[in-house]
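A short worksheet on the structure shown next.
The values are calculated or read from the model by the stated rules, or taken from the named source; none is laboratory data. Keep in mind it's a predicted model, so treat the numbers as computed, not measured. Every residue, glycine among them, receives a Cβ derived from its backbone with ideal geometry; neighbour counts consider all protein chains shown. Ligands, DNA and RNA are excluded from the accessible area calculation, which covers all protein heavy atoms including side chains. Shrake-Rupley method; radii C 1.70, N 1.55, O 1.52, S 1.80 Å.
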Amino acid sequence: MKNSETMLIHILKIIKNNLRANLLLVAGIFVIATSLWYAVDYVYAVAVNGQKSLGFEWENVYYIQVGVLPQESLERDTTTRSPEMMTGEYLEFCNRLKRHPAVKDLCYTRMHFHYVWKNGFKTVFYDTLQAGAYTRMVSPGYFSVFGVKGADGCSPEELSKRARPEEMVMTDNLARYLISGKGSKEYTPRKGVEMVGKLVSFNKDGSDSVRVSAVCENQKYNEYTSQQAAFYYVRNDGFKCTYASIPYQDLFIRVKADADRPGFVEAFRKEMKKQLRVGNLYLADMRPMSEFRNEQLSDYRSELYTYLAIAGFFLINAFLAVLGTFWFRTQHRREELAIRITSGATPHSLMRLLMGEGILLVTFAYIPALIVAYNLGVADLVNTWPVEWSLGRFIVGGILTYFLLLVVVVFSIWFPARQAMKIQPCLLYTSPSPRDPKTS
């Protein structure tokens with residue numbers, strides 16, 4: 001312990017003796033450390049959010065676009081149709097899809113399309129509490145098509161049965177907020193399923209009340225977003241639609257895993273082309289959800305790669321700056337190192353001295369960098385959408401950044417110091433011999 005204290009005091013004296021050069025080095029490391037922390041914090045937030053459940057499944061799910069024959073089409077049936085007739089055509093279209101042996105389940109939605117920003121938004125009132133949430137109109141089959149489980153762990157199929165028409169299914173985070181009155185930043189031990197059977201409304205006066213029939217697991221919009229509060233208003237088969245409203249209604253099917261093979265879309269469209277011609281409706285397009293997923297995630301991935309590139313850039317700059325600085329410093333301290341070796345110092349003790357000096361300089365630079373980083377977080381100047389700012393996030397990000405800086409510093413010192421310690425002290429301090437003919 002005493003030796004460590006003595007070493008620390010000795011290192012502080014060395015730093016003080018070269019104060020001007022060390023201040024410049026500390027200033028440079030401060031700028032690099034602050035920028036590196038910002039990038040590391042973003043990557044950390046993305047990684048933490050990535051561990052949270054997506055809340056739905058997209059594999060083996062296909063989007064079905066229902067087309068309506070245009071007015072100028074020779075094949076169009078011009079007979080006048082009531083909304084009931086047009087709705088009947090749409091439901092028959094769905095029934096024919098569902099009867100296909102490869103189709104496991106089917107659903108239709110409105111104002112909800114995973115990986116496509118299509119949403120409504122409403123305020124939900126319960127007693128004296130209110131909360132804003134995404135509103136999504138779905139058929140009961142939605143939960144089994146997209147593999148959405150209940151907050152109590154029930155299967156998607158069971159959740160579809162619980163989702164009664166003209167009632168509501170809400171996400172667990174929305175239910176927990178309404179049952180406890182606590183914000184998302186506060187933990188509540190009460191379970192969201194306690195909201196089942198309760199009446200909520202869309203007005204303060206309690207009118208337009210809707211019963212909560214089930215609570216589902218939390219959902220993200222995609223892998224990079226946060227888990228959002230939402231509720232699903234379950235539609236029954238008695239809804240009405242017209243040819244004009246059909247484009248705003250989205251249809252999805254879940255295909256059996258053993259049937260979902262390469263070439264399935266082409267074969268399915270060819271087989272069902274005539275069968276899915278119902279009145280003036282036809283199968284216009286069919287796309288796997290994986291395509292929508294890849295299209296939307298490309299922007300998020302580009303942003304993530306940008307931050308990774310920034311982190312890598314500052315890490316490389318830190319490495320080159322520290323390596324160049326310590327290499328230069330070590331080369332100019334060859335005589336000092338030689339004197340220490342002749343005085344009995346070992347290569348190991350010299351390495352400890354140089355490493356200790358470098359680590360202290362990085363620490364001196366990192367303390368003000370941490371203060372700046374914390375204030376950036378408090379001022380919401382960092383990305384807080386997927387993961388909220390918290391002291392824990394700050395601590396973890398700070399430790400990771402400090403660890404990266406230490407790795408850079410240790411390697412930057414180790415290599416030039418190792419080279420410098422190979423010098424022979426006698427070559428630096430032995431005077432030329434008068435007998436040497438080359439000096440006479």
- [ ] For region 239-285 and region 370-391, write down the distance between their C-alpha centroids in whole Å.
- [x] 46 Å
TODO: Return the sequence-ordered ³J(HN,Hα) values of region 161-168 in whole Hz as given by the Karplus equation 6.51 cos²θ - 1.76 cosθ + 1.60 applied to θ = phi - 60°, using x for Gly and Pro.
DONE: 6, 6, 6, 7, x, 6, 10, 10
Task: Rounded FRET efficiency, nearest 0.05, which uses the C-beta distance separating residue 400 from residue 208 and R0 of 60 Å - done: 0.75
Task: Total formal charge among the other residues, if their Cβ is under 14 angstrom from that of residue 117, Lys/Arg +1 and Asp/Glu -1 - done: +1
- [ ] Considering Cα pairs under 8 angstrom that are at least six residues apart, work out the relative contact order of the chain and quote it in whole percent.
- [x] 26 percent
- [ ] Normalising by the residue count of region 191-286, find the relative contact order in percent from Cα pairs under 8 Å and 6+ residues apart.
- [x] 13 percent
- [ ] Using θ = phi - 60° and the Karplus relation 6.51 cos²θ - 1.76 cosθ + 1.60, list the HN-Hα couplings for region 102-117 in order, rounded to whole Hz, with x at every Gly or Pro.
- [x] 7, 8, 8, 7, 9, 8, 10, 9, 9, 6, 7, 8, 4, 6, 10, 6
Task: Calculated diffusion of region 69-133, Stokes-Einstein form, Kirkwood radius summed over Cα pairs, 25 °C and 0.890 mPa s, µm²/s - done: 152 µm²/s
- [ ] Give me Rg over Rh for region 96-173, both radii from the alpha carbons and Rh done the Kirkwood way, two decimal places.
- [x] 1.01
TODO: Quick one: which residues, 5 or more positions from residue 286 or on another chain, have an amide H under 5 Å from its amide H? H modelled 1.01 Å from N in the peptide plane, none for Pro or chain starts.
DONE: 65
Task: Under-5 Å amide H pairs with residue 147, H placed in peptide plane, nonlocal only - done: 57
TODO: Would you mind checking 98/191; 98/161; 161/273; 122/240; 220/270; 118/149 for any pair whose Cα atoms are more than 26 angstrom apart?
DONE: 98/191; 161/273; 220/270
TODO: May I ask for the net charge around residue 248, where only other residues with Cβ less than 12 Å from the Cβ of residue 248 are counted and Lys, Arg are +1 while Asp, Glu are -1?
DONE: +1
Open item on the list: Name the residue from 209, 272, 222 whose Cα lies farthest towards the positive end of the charge dipole of region 186-280, charges +1 on Cβ of Lys and Arg and -1 on Cβ of Asp and Glu.
Closed with: 272
Open item on the list: Just the number please: accessible area per residue for the chain, 1.4 Å probe, all protein chains included, in Å².
Closed with: 53 Å²
- [ ] Quick one: check the C-alpha center-to-center distance for region 100-149 versus region 24-59, whole angstrom.
- [x] 31 Å
Open item on the list: How big is the dipole moment of the chain about its Cα centre under a simple scheme where the beta carbon of each Lys and Arg is +1, that of each Asp and Glu is -1, and everything else is neutral? Debye, nearest 20, please.
Closed with: 1320 debye
Open item on the list: Taking θ = phi - 60°, what integer Hz values does the Karplus form 6.51 cos²θ - 1.76 cosθ + 1.60 yield along region 23-40, in sequence order, with x for Gly and Pro?
Closed with: 5, 5, 5, 4, 4, x, 5, 4, 5, 5, 5, 5, 5, 5, 4, 4, 5, 5
Open item on the list: Using Stokes-Einstein with the Kirkwood hydrodynamic radius over Cα pairs, what translational diffusion coefficient do you get for region 1-142 at 4 °C and a viscosity of 1.567 mPa s, in µm²/s rounded to a whole number?
Closed with: 56 µm²/s
Task: Share of carbon and sulfur in the accessible heavy-atom surface of the chain [1.4 Å probe, %] - done: 58 percent
Open item on the list: Quick check: convex hull of the Cα atoms in region 123-265, volume per residue, rounded to a whole Å³?
Closed with: 148 Å³
Open item on the list: Going by amide H atoms built from the backbone, whose H comes under 5 Å of the H on residue 167, apart from near neighbours?
Closed with: 234
